[in-house]
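Student: Sharing a structure here in structure tokens format.
What follows is calculated from the coordinates using simple rules that are stated; it is not laboratory data. Not measured: the values here are computed from a predicted model. Neighbour counts run over all protein chains shown; Cβ positions are idealised from the backbone, glycine included.
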Amino acid sequence: MTRIDELSGMETAELRMAWEEDLGRPPPTRASDAYMRSVLAYRIQEWAGPKLSAATVRHLERLVAPNARIEAMPMQARKLSAGTSLLREWNGETHEVRVLESGFEYRGRRHRSLSGIAREITGTRWSGPAFFGLKDRDRENSA
């Protein structure tokens, strides 16, 4: 079992302890278990894999700051690479999507777009990038 696999079995108190140990400060007070798991998993992958861009590092540092206001990263800073996992909590259930070279995988099935996956999860039409937090809301609102 990998360290990332261990995160799925952790209770809230264990996740908070792991967060403090890894990031050197307590998690945001309203951080959900799914959010803490995704940040901790990302950190594990960060240490094991290639280095992150400076923009991504700044964004992560803002997210873990006390009283952080969680916002989407600017679109140019988010290019999805094959192997990336997207997590989204919806109605109390965490949904994981894996980015493939061409398309996405959700629950063992290939999909051409995130929008189709968002529709499968919610039962309504959604912009997939918006549903998974990949759209820059400020840019959308000013356009």
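Student: Taking GluC sites (Glu not before Pro) that fall in a DSSP loop and have at most 13 other Cβ atoms within 10 Å as cut points, what is the longest piece of the chain between them?
Tutor: 12-70
Student: While we're on this one: Exposed loop trypsin sites (Lys or Arg not before Pro) only (DSSP loop, at most 12 other Cβ atoms within 10 Å): please give the longest stretch of the chain free of them, not including the sites.
Tutor: Here the longest run is 1-29.
Student: Another question about this same structure. Please report, ordered by residue number, every helix of the chain (full DSSP H runs) that is 15 Å or longer along its axis going by C-alpha atoms and whose mean Kyte-Doolittle hydropathy reaches -1.0.
Tutor: Length and hydropathy pass: 12-23, 33-48, 54-64.
Student: Something else now. From the list [x] 0.95; [y] 1.03; [z] 0.98, can you say which value of Rg/Rh (Cα atoms, Kirkwood Rh) was derived from the structure given?
Tutor: [x]
Student: Please report the relative contact order for the chain, taking Cα pairs under 8 Å with a sequence separation of at least 6, and give it as a percent rounded to a whole number.
Tutor: 15
Student: Hey, with R₀ at 30 Å, roughly what FRET efficiency would Ala54 and Thr12 work out to, going by the Cβ-Cβ distance, to 0.05?
Tutor: In this case the efficiency is close to 0.40.
Student: For the chain, what is the mean residue ellipticity at 222 nm derived from helices alone (per DSSP H run of n ≥ 4: -39500 (n - 2.57); sum divided by total residues; nearest 500 deg cm²/dmol)?
Tutor: After summing the helix terms and dividing by the residues of the chain, the value is -12500 deg cm²/dmol.
Student: Count the net charge of all other residues whose Cβ sits under 14 Å from the Cβ of Glu93, scoring Lys and Arg as +1 and Asp and Glu as -1.
Tutor: Net charge around Glu93: -1.
Student: Quote the relative contact order of the range 3-64 in percent (integer), defining contacts as alpha-carbon pairs under 8 Å separated by 6+ residues.
Tutor: 33
Student: If you don't mind, another one. Counting Lys and Arg as +1 and Asp and Glu as -1, what is the net charge of the other residues whose Cβ lies under 13 Å from the Cβ of Ala18?
Tutor: After counting each charged neighbour, the total is -2.
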